[in-house]
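The values are calculated or read from the model by the stated rules, or taken from the named source; none is laboratory data. Model, not experiment: these values are computed from the prediction. Every residue, glycine among them, receives a Cβ derived from its backbone with ideal geometry; neighbour counts consider all protein chains shown. The accessibility values were calculated without ligands, DNA or RNA, using every heavy atom of the protein model including side chains. Shrake-Rupley method; radii C 1.70, N 1.55, O 1.52, S 1.80 Å.
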Amino acid sequence: MREEVTFLFPYREEDITLVAGIDVSYDQDGFSIGVVVVLAFPSLEILEVAVEKLRPTFPYIPGFLSFREGPVIEKAFSKLCRRPQIVFFDGQGIAHPRGVGLATHMGVALGVVSIGVAKKPLVGSFLPPGEKRGDFSPVEYKGRVVGVVLRTQEAVKPVFVSPGNCIGIVEAKDWTLKVTGKYRVPEPTRLAHILSEREKR
DNA sequence: GCGACAG
DNA sequence: ATCTTGTCGC
């Protein structure tokens, strides 16, 4: 069977009711644990959680993260009953050596709109953003703006946001702020991280 | 050749 | 990512 793929461009806030966050952790036995959390928007209450545990078959190589984490993510995502409209990833989108970071690669593979929110830069140059929440500065790579360094909390180290699939830089940045609460990392990936950590016990 | 390098 | 203790602060 083949599932029908429909893209919904998140230009109108009132059309978005389901967002999701994905993260992968590793236990002591070397297994990778992938978690997908679906949240209601704008309440951000958890509606569904999908988990998958696998043995990694590819090593971690900067620039090739999706080859290591892609398999667990796909299996976990396929277990979902609901279809999130925007998916947040722990990693880069197009701010990547070849323009295809984890969020972009997976966004295309899963057929969803996606956004990459990384805690550290992979490529590009940038100036530090202002100190207030929402302040940002562009990340430039090979003469192109590929994302932004975004301050999600006042006086707290910024995060790196770049478009994953079917979304622009400004929209990716704005949606990241819309799902960010009291913490540095936006709720979708923050919760996915906590849950994947919990799965190791 | 040297340094950088998401999770 | 993971290995690891205490500590400062809301």
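Miscellaneous remarks
- Members of segment A:73-90 found to be under 25 Å from residue A:177 (Cβ atoms) and open to solvent by less than 10 Å² (accessible area, probe 1.4 Å), listed by number: A:73, A:84, A:86, A:87, A:88, A:89
- Lone qualifier among A:171, A:154, A:199 - being away from DNA strand C (no atom under 13 Å from the Cβ) and open to solvent by 20 Å² or more (accessible area, probe 1.4 Å): A:171
- Which listed residue, of A:119, A:132, is open to solvent by 70 Å² or more (accessible area, probe 1.4 Å) and in contact (Cβ under 8 Å) with a residue 60 or more places away in the chain: A:119
- If you go through segment A:137-185 and pick out every residue that is touching a Leu at 6+ places or on another chain (Cβ under 8 Å) and either part of a loop (DSSP other than H, G, I, E, B) or of a type in the set (D, E, K, R) (or both), you end up with 5.
- Here residue A:7 passes the criteria (1) under 19 Å from residue A:116 (Cα atoms); (2) modelled with pLDDT of 95 or more except the one numbered (2).
- The one condition in (1) within 14 Å of DNA strand B (Cβ to nearest atom); (2) in contact with a helix residue (DSSP H, G or I) (Cβ under 8 Å, 6 or more places away or on another chain) that residue A:142 fails to fulfil: (2)
- Taken together, the criteria exclude residue A:83 from residues that are charged (D, E, K, R), at pLDDT below 95 and either away from DNA strand B (no atom under 16 Å from the Cβ) or out of contact with any Lys or Arg (no Cβ under 9 Å at 6 or more places or on another chain) (or both).
- Meets criteria (within 16 Å of DNA strand C (Cβ to nearest atom), of a type outside the set (D, E, K, R), surrounded by 14 or more Cβ atoms within 10 Å (Cβ to Cβ) and touching a residue at least 60 places away in the same chain (Cβ under 8 Å)) for residue A:51: yes
- Flag for residue A:51 being outside any loop (DSSP other than H, G, I, E, B), more than 14 Å from the chain's Cα centre (by Cα) and not charged (D, E, K, R): yes
- Residue list for segment A:85-119, restricted to those being away from DNA strand C (no atom under 16 Å from the Cβ), in a loop (DSSP other than H, G, I, E, B) and closer than 17 Å to residue A:168 by Cβ: A:85, A:93, A:94, A:95, A:96, A:99, A:100, A:112
- Within the option set A:155, A:172, being at positive phi and in contact (Cβ under 8 Å) with a residue 12 or more places away in the chain holds for one residue only, A:155.
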